[in-house]
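Some notes on the structure that comes next.
Just so you know, all these numbers are worked out from the coordinates, no wet-lab data involved. From a predicted model like this one, the values you see are computed outputs, not experimental measurements.
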């Protein structure tokens, strides 16, 4: 096991301390070990931000739509869509 010799001591309000303690307990870790792990993970930049997750979700959704359109185009040679309540359901608008 590695020997930890250096320390820092941040100060928290009672509310923040309890919140951190609950998060550490959720991961079944002592508070100090959990804080060290989280601090090192954030400092290394290895965890994507919520913005990065959102961008990736949008790219994935766009990719799925494009694949579906290309499959329809490859199968039927045209892209058609139904217009509910009209007589041209299932035909293209052209």
For region 1-45, what log10 I(q)/I(0) values come out of the Debye formula at q = 0.14 1/Å, with one point per alpha carbon and no solvent?
-> -0.37
Taking Cα atoms, how many degrees apart are the long axis of helix 50-76 and the longest axis of the chain, rounded to 10 and kept between 0 and 90?
-> 20 degrees
In deg cm²/dmol, rounded to 500, what helix-only [θ] at 222 nm does the chain give when every DSSP H run of at least 4 residues adds -39500 (n - 2.57) and the total is split over its residues?
-> -19500 deg cm²/dmol
For the chain, what's the relative contact order in percent, using C-alpha pairs closer than 8 Å and at least 6 residues apart?
-> 9 percent
For the chain, alpha-carbon Rg and Dmax in angstrom = 26.3, 78
Could you give the angle, 0 to 90 degrees to the nearest 10, between helix 31-44's Cα long axis and the longest principal axis of the Cα atoms of the chain?
-> 50 degrees
